Amino acid sequence: GEKDTKLAKPKVEAELAAVRKSLKSEASRRRQLEKRLTEAQEQQTATTEVLQTRTGELAEALEQQTATSEILRVISSSPSDIQPVFDAIAANAARLCDAVNGMVIRFDGQLLHLAAHHNVDPERLAAVRQAYPRPPSRGALSGRAILTRAVVHVPDVSKDPEYTLPAGTTVGYRSVLAVPMMHEGVARGTILVARDVVAPFSDTHTALSPTSADQAVIAIETARLF
C-alpha cells in the first residue's frame with residue numbers, strides 16, 4: 001500500500017500541475033479576451049462619436065443650405081421689395097445660430113435704422129424703436145460692428161462696459177452676436193442675433209453668421225438695381 005501511495009503521489013502532482021497550468025492558461029486567455037473586448041468597445045465608442053460629429057456637421061450644412069435657398073428664393077420672388085428678405089434673414093440668422101431672436105439694422109451712411117426683427121420681446125422692441133435711428137457708436141453693438149467692420153461677440157451685454165442704450169433694450173438680450181453687412185468695403189448694416197440667457201455663441205455660430213450678412217448685402221444690391 002505504501003509503495004502504491006509513493007507511485008501515486010507524482011501522478012497526482014503532475015495532474016495538479018496540469019490543472020494549475022490549464023487554469024493559468026485560462027486566466028491568460030480571459031485577460032486577452034477582456035482586453036480585446038475593451039479595445040473593441042473603445043473603438044466602437046470612438047466610431048460612434050465620429051459618426052455623431054459628422055451627422056451633426058451634415059445637419060448644420062443642410063440647414064445652412066436650406067436657409068440660403070430660402071433667402072435666394074425670397075430675393076428672386078420680390079427683387080424690388082427688400083422687406084420680406086430682411087424679415088426672412090432675421091428669422092434664419094436666429095435659427096442658424098441657435099438664438100432666441102434676431103434683428104436687421106440698416107446703415108444709410110449716417111444713421112442706423114431698424115429694418116427687421118424676429119421674436120423680439122415687445123418691451124425690448126419698443127425701447128429699440130425709440131433708440132433708432134442713431135449714428136453708429138460703440139455704445140450699441142450694431143454700431144460697434146459697423147465701426148470695427150468685424151463680428152462682435154458679447155457673452156453678456158448687461159455687463160458690457162461700453163453699452164449705453166437704455167436698459168429696456170436688454171430685455172431678452174444677453175449673449176449677442178453682431179455681424180456687419182459689408183459690400184466692397186462699405187458698411188450696409190448689421191445683423192444681430194441674441195439669446196435671452198448668458199450662453200456665449202460657439203465658433204461654429206460665429207463662422208456661420210457672416211453668411212446671413214452676405215445674403216442681406218445681395219438683397220440690398222439687387223433692390224438697388226431694380
Quiz item: Farthest toward the dipole's positive end in the stretch 78-195, which of 158, 180, 100, given Cβ charges of +1 (Lys, Arg) and -1 (Asp, Glu) about the Cα centre?
Solution: 158
Exercise. Mind running the shape call on the stretch 91-172? Use the C-alpha gyration tensor, a ≥ b ≥ c as the square roots of the eigenvalues: rounded below 1.5 for a/c, prolate if a/b tops b/c, oblate otherwise.
Key: rounded
Self-check item: the stretch 101-226: C-alpha gyration tensor shape, a/c 1.5 cut-off, then a/b vs b/c
Solution: prolate
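We did not get these values from a lab; they are worked out from the coordinates using the rules stated. Since we're looking at a predicted model, the values are computed, not measured. Cβ: placed from backbone, ideal geometry, glycine included. Neighbour counts: every protein chain shown.
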